[in-house]
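Worksheet: one structure, shown below.
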Amino acid sequence: MQTKRQYFAIACCIVLPLLYGCATTNYGDNQFRLSMASSGKDVMWVPTKVEMADQMLALAQVRPGDRVYDLGSGDGVIPIEAAKKYQVRAVGIEYNPDLVKLSQRNAERAKVQNLVTFKQGDIFVEDFSQATVLTLYLGENVNTRLMPTILKMQAGTRVVSNTFRMEGWIPDQEVRISNGEMAYFWIVPSNIDGSWQWNGPPGLGDLRLVIRQKKQFFDGTLYQGNKRVADFEDGRIRGSDLEFAFAYQKMNYVFKGRVNGASMTGNLNNNPSLVVSGKR
Ligand SMILES: C[S@@+](CC[C@H](N)C(=O)[O-])C[C@H]1O[C@@H](n2cnc3c(N)ncnc32)[C@H](O)[C@@H]1O
């Protein structure tokens, strides 16, 4: 539990230097400017620099058809950059109504108002499940509070955070941009935890696979009937694509496959004739 004094120290050490940097850039317009009074419910407004916004979108590999959502969208820089650079639809959810209006004016100035939407609302109430790319600049504590909702999103959703991690979810990638700031990247994994009936190729027979998943990592055990025949560690899942290695009857195997709801298909050792299918 942080005391008032700790919050003040955080404000002095992190927010004020950031604000000083921003103030010299004159964020805002003649109707609304960045100031200490730009309240924003869970965190105040500190804009992402355009260079960082571009790197975050590149890290997420934004492509045609994506729907980019920025949670706590401030002046709209990330949705506007997404629409400008990739011509994709982008949505910003922002609590402060003055910032929503500023971002709408910014979208008009950038001539992307047909692609971007800014919605006034609370990110802990609004629905962002339609996002294929989610961008954050909110602080580790707020990211971590959002994590349970993010983990229920469509597998493969790409998440990028400016500066802040999430507690208990190791990033899939970390990138230091040229001015030294960090961006963190995650891919929402399918839920594969639990027991699967595995229909293996000739020689492997029917097995039961029990997976113990920890976000994008997992370990597991293969059973033949009630007999434990193989244990493995270091399984990885990226969205719906999973991979793990195991040894069975003195042979080494690498399974690579894809999960689709309650079924998985793939093959062993990159051999298309060694097909494996699995069902929950
Ligand atoms: C650090 S700023 C980031 C702004 C923008 N995403 C960017 O990268 O430039 C955080 C923003 O989140 C907004 N915010 C804070 N809590 C919020 C909440 N619960 N719901 C919606 N917006 C919120 C603040 O008003 C502020 O504009």
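The values are calculated or read from the model by the stated rules, or taken from the named source; none is laboratory data. On a predicted model such as this, the values are computed, not experimentally measured, just so you know. Every residue, glycine as well, gets a Cβ built from its backbone with ideal geometry; the counts of neighbours run over all protein chains shown.
Miscellaneous remarks
- Of all the listed residues (Leu59, Leu34), the sole one being touching a strand residue (DSSP E or B) at 6+ places or on another chain (Cβ under 7 Å) and at pLDDT 90 or above is Leu59.
- Restricting the stretch 102-127 to residues that are surrounded by 13 or more Cβ atoms within 10 Å (Cβ to Cβ) and of a type in the set (S, T, N, Q), the residue that is farthest from Ile78 (Cα to Cα) is Gln120.
- Residues (out of contact with any Ser or Thr (no Cβ under 9 Å at 6 or more places or on another chain) and part of a loop (DSSP other than H, G, I, E, B)) located in the stretch 257-280: Ala262, Asn269, Asn270
- Residue check, Phe128 within 14 Å of the ligand (Cβ to nearest atom), in contact with a strand residue (DSSP E or B) (Cβ under 6 Å, 6 or more places away or on another chain) and among the aromatic types (Phe, Trp, Tyr): yes
- Residue in the stretch 163-175 that is surrounded by 14 or more Cβ atoms within 10 Å (Cβ to Cβ), within 14 Å of the ligand (Cβ to nearest atom), over 24 Å from Lys84 (Cβ atoms) and of a type in the set (A, V, I, L, M) present: no
- Residue match in the stretch 148-162 (condition: assigned to a loop (DSSP other than H, G, I, E, B), in contact with a helix residue (DSSP H, G or I) (Cβ under 9 Å, 6 or more places away or on another chain) and not acidic (Asp, Glu)): yes
- Ile211 being touching a Lys or Arg at 6+ places or on another chain (Cβ under 6 Å) and either under 26 Å from Tyr137 (Cβ atoms) or touching a residue at least 24 places away in the same chain (Cβ under 8 Å) (or both): no
- Some residue of the stretch 229-245 being outside any strand (DSSP E or B) and either touching a helix residue (DSSP H, G or I) at 6+ places or on another chain (Cβ under 8 Å) or surrounded by fewer than 13 Cβ atoms within 10 Å (Cβ to Cβ) (or both): no
- Restricting the stretch 129-146 to residues that are outside any loop (DSSP other than H, G, I, E, B) and surrounded by fewer than 16 Cβ atoms within 10 Å (Cβ to Cβ), the residue that is nearest to the chain's Cα centre (by Cα): Glu140
- Within the stretch 48-94, restricting attention to residues that are in contact (Cβ under 8 Å) with a residue 60 or more places away in the chain, in a loop (DSSP other than H, G, I, E, B) and charged (D, E, K, R), the residue that is surrounded by the most Cβ atoms within 10 Å (Cβ to Cβ) is Asp66.
- Verdict on Gln104 being at pLDDT 95 or above, out of contact with any Gly (no Cβ under 7 Å at 6 or more places or on another chain) and at positive phi: no
- Flag not set for Leu99, criterion: surrounded by 22 or more Cβ atoms within 10 Å (Cβ to Cβ), closer than 24 Å to Lys214 by Cα, within 10 Å of the ligand (Cβ to nearest atom) and not hydroxyl-bearing (Ser, Thr, Tyr).
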